[in-house]
Amino acid sequence: MAPKRCNLLLIYGSQTGQSKSIAEDIKTKAESLNYDVEMMSMDDSVEKIPWKEYRFLIIITSSTGDGDPPENAGIFWKKIRSKNLENDYLCHLVYALLGLGDTNYTTFLGYPKSVEKQLQKLGAKQFYKSGWADDAVGLEIVVDPWIENLLPALENQILNPQTLPDTIPASDIPVEQSSITITPELAVVPEVEKQLTVSYKKQEEELEKCILGLSNLKMSASPLSECDLKVPVLPVSYLELKFNSELIFFPEDVLRKPMPSSRTPVFQAKIKSLKQLTSEKAAKTTLETTLEFSPAEIEYQPGDSIGVCCANCSEEVDALLHRLNMTDQADIPFKLRVKEEFATMKSGTKPKYEVPSHLPNLATLRFVLTRCCEIRSVPRKALIRILAEFSSDDVEKRRLLELCSLQGSNDYTRLVRQPELNVLDFLNTFASCHPPVERLLEQLPRLLARPYSLSSSPLKDPKSASFVFNVVEFPVQDGRTYERKGVATGELSRMFDKIKTGSTDSVGSNGNGRAFSLSVFLRTNSGFSLPKSSETPLILIGPGTGVAPFLGFLAHREELVKRDPSLTCGPIWLFYGCRNRDQDYLFKDDLERWHSIGILTRLLVTFSRENKPSQPKYVQDLIQVYAVSLVKLIEKGACVYVCGDAKNMAKDVMQAFTAAFQTARQLDEEQAKKAVVQLQIEKRYLQDIWT
Ligand code: FAD
């Protein structure tokens, strides 16, 4: 066996599993080139810090909230920021960093950029330009070429240790070895593939000229259909399932496990009520869920959110099992383990492959596909590469290889990522594709809990909490092969339908007489809580379901005043928006009542579809109207809270506040932007936004 080329430390900070899965991809590639790779989470790496036995460090990390570390990177962050570290603490290291972010959020890539700054402060040197990927336009646009050039850059660094990226731009490093070239007519067997020499021809420019629209998921168009393809290395198959009908599996043991970012353990909360808030005519269906629990299980504050552990739709799981030819084995318990040849470990180190932490060692396929795997996730290129491997039809195989190839990136973004296709859409489209289920389990990410802002106050009832949500719907189009609702909102909407159509005895009890319940946990506080003093003026901006936490704020204030009528309270202004006053004006009665009793000082509402040109259309337009008064309130110490849609609303609202500062204080745009940033620094401009 050839000697190992060098020791690499590969660490990831991952909230949703993306960074981890990218790190796994890099690990596979590096190991195929005979590098010795140690991979772990950033927090796990702290034990070994300052990593004296390594010279090469690769970091893949995302950013959460307002530029905070992901769940397994917070300890790392504390460690590398310790005041007692010398400036040469990490000077023995050269590093490469890939940051994952989303420009929908104001602090784009806050955490990865802070890590980079700190690494450099501690003497580490970059050997490859950092990649900053943006989920708003597609992570793969940056991630794919970054990974592509990473190992050549590392190779170059090993050969020329003095060269750092200022002298060798990453883009100039020759691309080779880390992936395989496939010619158009080819339906190759893996052994042959590995021996193919790489002849990457720079065809991107030509490909850009490809007339978009001619191709679809199943069919490609020229020039993509005719060019040589550079495709990812086939991921290693490392898991094995052993079915044994004598095993006994207890799902409860798995479901009780704590979830990432949870403040409380997961517990069952009964559904006390599930109500539709919008009229039948409304464009979206909005539901309100009220949960019931014992106060010992959850102690929350207005502004907190709850994590709902959801389950994939049973019909969809059935369809997937059927398509995988696993219906007969769906309920037979199995043991899941790493194949013998990958389970061995060097003394003192972790095994190279492990059963993914979200998969139980003992379970059934139905359980795993229902409760553990995000079967709706958009297949990553590595998974598409696997699907190609298991397609017997040459035309289908070629198309799948195109979709995961470097040259097919445009098609991947347009035909797979944008319509948010999933693995079942692929299996429905590519009839000859029959992957073993283990290959999917290796690739599908963890089914994440969905967070919802609580819309109630514990002072009103410590044994219950509510949240409000829109049912997300995806029609059959753009390659989607079946109609579906969002995972969590779909599950809740199906419960609602059962209640509404009377297939249950009454609200809260299903056909078996057992109450509907949800597995939930309280999420760590996002810094979106009420100020300590009730005298602080509040400016609340929450159109649509973004009003949810403010209902909690207002109910809380009402209770506080009830308990102490002499309480001095600052003014509260609420900006709310919806389409039509008769269709989707959520909590109209509550808001108007709070306004009438003085809890709410100003209730400012816009209706975007009422077509009255003289009236402001959106909350950001209303903010412009009240610019001077709002700035006065801010000067009196007001806190601004923005909640709801991150894609458009949050940015437009921030822009409106910038404009308000310009108007009220006669500032230019730069100065006004600085005023808003200053508010953020003082934690007086707070956002709880989601995409
Ligand atoms: P999934 O199956 O996860 O599908 C997600 C896809 O649906 C997304 O990729 C996107 O394309 C689309 N999508 C997601 N949300 C919407 C939407 N609102 N409208 C249209 N398309 C959408 N949501 C609420 O409704 N109310 C809340 O109070 C709330 N609070 C949140 C608080 C936080 C801190 C965060 C991070 C998110 C919050 N969300 C809230 C969003 C919520 O967690 C889910 O993402 C959303 O309900 C979709 O979940 P799902 O499983 O039904 O959809």
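The values are calculated or read from the model by the stated rules, or taken from the named source; none is laboratory data. If you're wondering where the values come from, they're calculated on a predicted model, not measured in any experiment. FYI the Cβ positions are ideal-geometry reconstructions off the backbone, even for glycines, and counts take in every protein chain you see. For the accessible areas, the whole protein counts, side chains as well, though only heavy atoms, and no ligand, DNA or RNA atoms are used. Shrake-Rupley method; radii C 1.70, N 1.55, O 1.52, S 1.80 Å.
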Sort out which residues of the range 404-431 are open to solvent by less than 20 Å² (accessible area, probe 1.4 Å) and at pLDDT 95 or above, and write them in order of number.
-> Leu421, Asn422, Val423, Leu424, Asp425, Phe426, Leu427, Phe430
Pairing a residue in the range 435-457 that is aromatic (Phe, Trp, Tyr) with any residue that is within 15 Å of the ligand (Cβ to nearest atom) and open to solvent by less than 10 Å² (accessible area, probe 1.4 Å), where Cβ atoms lie under 7 Å and the two sit 6 or more apart in sequence or on different chains, gives Tyr452/Ile306; Tyr452/Val308; Tyr452/Phe467; Tyr452/Phe469
Of the residues in the range 1-20, those that are open to solvent by 20 Å² or more (accessible area, probe 1.4 Å) and within 23 Å of the chain's Cα centre (by Cα) come to Tyr12, Gln15, Thr16, Gly17, Gln18, Lys20
Close pairs (8 angstrom Cβ cut-off, 6 or more residues apart or separate chains): over 11 Å from Asn422 (Cβ atoms) and hydroxyl-bearing (Ser, Thr, Tyr) in the range 366-381, open to solvent by less than 20 Å² (accessible area, probe 1.4 Å) and not in a loop (DSSP other than H, G, I, E, B) anywhere = Thr370/Val317
Yes or no: Arg446 open to solvent by 10 Å² or more (accessible area, probe 1.4 Å), touching a Pro at 6+ places or on another chain (Cβ under 8 Å), within 16 Å of the ligand (Cβ to nearest atom) and not polar (S, T, N, Q)?
-> yes
Within the range 494-516, identify whether any single residue is among the aliphatic types (A, V, I, L, M), modelled with pLDDT of 95 or more and within 15 Å of the ligand (Cβ to nearest atom), and answer yes or no.
-> no
Can we say Leu427 is among the aliphatic types (A, V, I, L, M) and either closer than 19 Å to Phe267 by Cα or not in a helix (DSSP H, G or I) (or both)?
-> no
Taking Asp304 and the conditions (1) open to solvent by 30 Å² or more (accessible area, probe 1.4 Å); (2) under 23 Å from the mean Cα position of the chain (by Cα), which numbered condition does it fall short on, given that it satisfies the others?
-> (1)
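Let's see how each residue does on (1) in contact with a helix residue (DSSP H, G or I) (Cβ under 8 Å, 6 or more places away or on another chain); (2) touching a residue at least 60 places away in the same chain (Cβ under 8 Å):
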{"position": "Pro616", "(1), (2)": "yes, no"}
{"position": "Val619", "(1), (2)": "yes, yes"}
{"position": "Val628", "(1), (2)": "yes, no"}
{"position": "Leu633", "(1), (2)": "no, yes"}
{"position": "Ala646", "(1), (2)": "no, yes"}
{"position": "Ala650", "(1), (2)": "no, yes"}
{"position": "Ala659", "(1), (2)": "yes, no"}
{"position": "Thr663", "(1), (2)": "yes, no"}
Over the range 432-462, the set of residues within 14 Å of His556 (Cβ to Cβ) and among the acidic types (Asp, Glu) is Asp461
Is at least one residue of the range 62-85 within 23 Å of Leu151 (Cβ to Cβ) and either out of contact with any Asp or Glu (no Cβ under 8 Å at 6 or more places or on another chain) or surrounded by fewer than 23 Cβ atoms within 10 Å (Cβ to Cβ) (or both)?
-> yes
Among the numbered conditions (1) farther than 30 Å from Lys339 by Cα; (2) away from the ligand (no atom under 15 Å from the Cβ); (3) in a helix (DSSP H, G or I), tell me where Thr481 comes up short.
-> (3)
Evaluate the range 41-58: report whether one residue or more is surrounded by 23 or more Cβ atoms within 10 Å (Cβ to Cβ), modelled with pLDDT of 85 or more and assigned to a loop (DSSP other than H, G, I, E, B).
-> no
Give the residue that is nearest to Pro445 (Cα to Cα), with candidates limited to residues of the range 368-390 that are under 17 Å from the mean Cα position of the chain (by Cα) and of a type outside the set (Asp, Glu).
-> Cys373
Since Glu315 meets every condition but one in (1) within 16 Å of the ligand (Cβ to nearest atom); (2) open to solvent by 40 Å² or more (accessible area, probe 1.4 Å); (3) assigned to a loop (DSSP other than H, G, I, E, B), which condition does it not meet?
-> (3)
Which residue out of Pro462, Pro458, Pro435 is more than 16 Å from the ligand (Cβ to nearest atom), outside any strand (DSSP E or B) and within 17 Å of Ala319 (Cα to Cα)?
-> Pro435
So how many residues does the range 224-255 have that are open to solvent by 60 Å² or more (accessible area, probe 1.4 Å), outside any helix (DSSP H, G or I) and farther than 23 Å from Glu442 by Cβ?
-> 4
Restricting the range 616-665 to residues that are open to solvent by 80 Å² or more (accessible area, probe 1.4 Å) and not in a helix (DSSP H, G or I), which is farthest from the ligand (Cβ to nearest atom)?
-> Lys636
Note on Ile384: of the conditions (1) in contact (Cβ under 8 Å) with a residue 60 or more places away in the chain; (2) surrounded by 23 or more Cβ atoms within 10 Å (Cβ to Cβ); (3) under 30 Å from Val308 (Cα atoms), unmet is (1)
So which residues in the range 275-301 are open to solvent by 10 Å² or more (accessible area, probe 1.4 Å) and part of a strand (DSSP E or B), if there are any at all?
-> Lys275, Gln276, Glu288, Thr290, Glu292
